[in-house]
1. Quickly run through segment B:224-237 and pick out the residues that are surrounded by fewer than 18 Cβ atoms within 10 Å (Cβ to Cβ) and more than 9 Å from every other protein chain (Cβ to nearest Cβ).
2. I need every pair where a residue in segment A:167-195 that is within 13 Å of chain B (Cβ to nearest Cβ) has its Cβ under 7 Å from the Cβ of a residue that is open to solvent by 50 Å² or more (accessible area, probe 1.4 Å) and in a helix (DSSP H, G or I), sequence separation at least 6 or different chains.
3. Only one of (1) open to solvent by less than 40 Å² (accessible area, probe 1.4 Å); (2) in a helix (DSSP H, G or I) fails for A:Ala288. Which number is that?
4. Say whether the condition of being in a loop (DSSP other than H, G, I, E, B) and at pLDDT 90 or above is met by at least one residue in segment B:252-259.
5. Would you check if B:Ser61 is hydroxyl-bearing (Ser, Thr, Tyr) and out of contact with any Ser or Thr (no Cβ under 8 Å at 6 or more places or on another chain)?
6. Take segment B:195-218 and flag every residue that is at the interface with chain A (Cβ under 10 Å from one of its Cβ atoms), outside any helix (DSSP H, G or I) and open to solvent by less than 70 Å² (accessible area, probe 1.4 Å).
7. Could you tell me which residue of segment C:75-90 is least open to solvent (accessible area, probe 1.4 Å), considering only residues that are within 7 Å of another protein chain (Cβ to nearest Cβ) and over 17 Å from the mean Cα position of the chain (by Cα)?
8. With the condition kept exactly as written, say whether any residue in segment B:179-191 is part of a loop (DSSP other than H, G, I, E, B), more than 12 Å from every other protein chain (Cβ to nearest Cβ) and either open to solvent by 10 Å² or more (accessible area, probe 1.4 Å) or free of Cβ contacts under 8 Å to residues at least 40 places away in the same chain (or both).
Amino acid sequence: MKAVSPKLILFALGTVCFALATLLQPRAAQWGGRAQSDNLVKVFLGEGRRLFANHFYTQADVVLHSGYYPSIFDQARRNMKSSALSGDSDADHDAHESPGETQASKENDKHDHESEHEKKMAFLQEPKDWIERFGRKFLITEHTHLSQDKESEILPWLRVSAELDPQRVETYTVAAYWLKRNGKLTEAEQFLREGLRNNPDSYEILFDLGRLYSENKHEIDRARNLWTLALARWNSREAGKTEQDLSAMEGIAVHLATLEADAGNHDRAISLFKLAMKASPHPEELQARIDELRKHTSPQP
Amino acid sequence: MNSVFAIAGLVVKELQRRKDFYVLFVLTALLTVLLGSVSFFNAENIARYLKDICLLLIWVSSLVIAVTTTARQLPAERENRTIFPLLAKPVTRGQVIAGKFLGCWLACGIALLVFYLFFTVISASREHVWHLVPTLKAVWMHWMLLGVLVAMVLFGSVVFTAPSSNTTICFIVIVGILGIGRHLHRVALDQPEPVSTMLSVIYFLIPHVEWFYLPDFLVNDQNIAPWTDCLMASLYGVAYMAAFLIAAWMRFRRQMLSV
Amino acid sequence: MENVVQLKNLRVEYRGRGSQPAKLAVNNLSLAVHAGEVFGFLGPNGAGKTTTMNVLLGFVNATGGEARLFGVNVRDPIARQRIGYLPELTYYYKFLTAEEILRFYAKIFGLTQSESNKRIEALLKLVELTEAAKRPIKSYSKGMQQRVGLAQALINNPDLLILDEPTSGLDPLGRMKVRQLIQRLKNEGKTILFSSHELGEVETVCDRVAIVDKGELKVEGRVTDLVAQYQCDLEKIFLNVVGYQPESRS
């Protein structure tokens, strides 16, 4: 048999590869959307990036606590010990600020939150042996938070986390909170808007964006529109769920109600307060505000 | 001692001539500088993120250098048959083990100095402060950890025939200890017997190298334990180094080397 | 005459792995190499000559009997202070130059800087590697590597040289150079123990030979005496001793 030239084989293989590529490319584009993604990270990591996103999100919290942070073992032990406390480390940010709370209850609960946070972070138990006792000398054992001028240190991790998992809503809200604290309102707004583009149904981001306009930029009309939209989104997303995110709804409703009350739309405010009462842990507080509004609306004898 | 130092010098020269160290250093520097150039929300002087990444890269690089350099020492001597002219000189097998250990440990130390110098410069460029003492402590402790690791890998290289299996096992062991070493005894409490006893025994047997892992302190500007504690921990590390080296020597001296 | 190498009833047994039986590599071997002579250690593959050399160099421990170098038990590292060893087919540290390799071995022997400088220069000249001295070993040919091996074996100016197949894998010119070198070292009064399959070469350079087979010493004596006794050359003596029967022509 006459030997075939290697060059000819190479050329034939090249032709086959090219033909297959043209044939398979349109199909490959439909395989999970990975290949056609415009995000390089998504192309490389696929859905696995969400795992990293979670890690970086937690890393931001670790930096906030200056390295004092429970390991997965500490967290598991804490969860086992106290089912009453949330074992999710991510929830720690809520201890710093829960967007769904009223201003009044926030003031009242601030101390409770801090003590609860302290309790949650007291994960180190008494050393059981000399190895653990001596090992503590090489472990960060003091619970501290970053000073105000260093708070921006957590931002890169949140940015990276959002980059890896754009569907993780709390990354945007938490980052916006810290950006606002550091006076970076434009960046907070941009980041929240980016979050909204990636999560158009997110009532959490709409709510936070509304707060930014209301509290920081004093653009009441934009805030009203955003919170109204947030409430509508909440209704469409949470309706029919057995476990609804009531605290978020309460936050939106209370803020919107307060805004309406300030604008003189008392009836609308009362109906919103009533809506919030269904979810509030302090309904009496809201009832008092409704009563107050009613005094203003009811005709004088 | 001449032989020990001569063999150690040879190992250092090998690291100097091979490309591994340079590749890892350039990669570390490149990635750090690249990530350092990214702006996050126009925030200025963000240092911790950069320090964290730089230290992570340094740790990974140092482990790779330590494990791969050490794991190939004795197998390469056998494979290339250079062990024969070496042992035909007035050199004992114990001296070969000691020389190889010293060389690998010194080589790791030199590599660490270069890496941490880069870290210090990067860190100071952001923070405008020189954290020299904490960095020195961290380098010292890091070096001690690498000492334990080098001794462990050297022991592995006389036990396992293939360097690749030795490398893999040592990586798993060291990363395992760094990750769960300090939790083992508490995990043991939740396990049924005999797993509980086994985990407790492992806990007391393994070298607790997690003590030497201090990048969190550097990243978060926390005070590292005083020098006395660092030296106590170093003594603990030296005891494990000695244990691994003696075990390696006991195994190596009985091995028949056939030309 | 001083015995540089002394073997008395040497016995080496390799333990069998798993179900394999133990293998007797050397059995009751006694011989002596005198100072200043070139001693050829011959035998077919698997005869036990490499094992015997391994015992002398401390690579393998004897199961029984005794092995001494310059009257010192081979288990004592000091016994190797006055020997030089050239192993077969060794790939020296590729990242070093010939000069650096020699400096490394000189350090092991504790030579001073000036001593080692002189010695390295002389050895590089002797093995004709002066010009290539600063080139990394990885760029050397096989013959050049073998010459580096010879140089390292001579770094301590040894009284005894143990050469394992010194001409193996070399071209005719390389072999001739090694033979000349052995002759030159012999003239300098060195004792040389070497194993080889090149019987013609052995006949040319050796004063005495020993032929071992199946771990046992079969023949030992001066080359001239053996040739006279058997009335044939060394190759035929070797074949006769190891029991080689040429096929009869039909």
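The values are calculated or read from the model by the stated rules, or taken from the named source; none is laboratory data. Not measured: the values here are computed from a predicted model. Note that we place each Cβ from the backbone using ideal geometry, even for glycine, and neighbour counts take in every protein chain shown. For accessibility, only protein heavy atoms count, side chains too; no ligands or nucleic acids. Shrake-Rupley method; radii C 1.70, N 1.55, O 1.52, S 1.80 Å.
1. Those that are surrounded by fewer than 18 Cβ atoms within 10 Å (Cβ to Cβ) and more than 9 Å from every other protein chain (Cβ to nearest Cβ): B:Trp227, B:Thr228, B:Leu231, B:Leu235.
2. What qualifies is A:Lys180/A:Asn216; A:Leu185/A:Asn216.
3. (1)
4. Start the filter on segment B:252-259 by keeping residues that are in a loop (DSSP other than H, G, I, E, B), which leaves B:255-259.
Applying the additional criterion that residues be at pLDDT 90 or above yields none.
So far as segment B:252-259 goes, no, none of its residues is in a loop (DSSP other than H, G, I, E, B) and at pLDDT 90 or above.
5. Values: hydroxyl-bearing (Ser, Thr, Tyr): yes; out of contact with any Ser or Thr (no Cβ under 8 Å at 6 or more places or on another chain): no.
No; evaluated as a whole, the condition is false for this residue.
6. Initial filter on segment B:195-218 (at the interface with chain A (Cβ under 10 Å from one of its Cβ atoms)): B:200, B:203-204, B:206, B:208, B:210-218.
Of the ones still in play, those that are also outside any helix (DSSP H, G or I) are B:206, B:208, B:213-214.
The answer is B:Ile206, B:His208, B:Leu214.
7. In this case the residue turns out to be C:Pro77.
8. There is at least one residue in segment B:179-191 that is part of a loop (DSSP other than H, G, I, E, B), more than 12 Å from every other protein chain (Cβ to nearest Cβ) and either open to solvent by 10 Å² or more (accessible area, probe 1.4 Å) or free of Cβ contacts under 8 Å to residues at least 40 places away in the same chain (or both).
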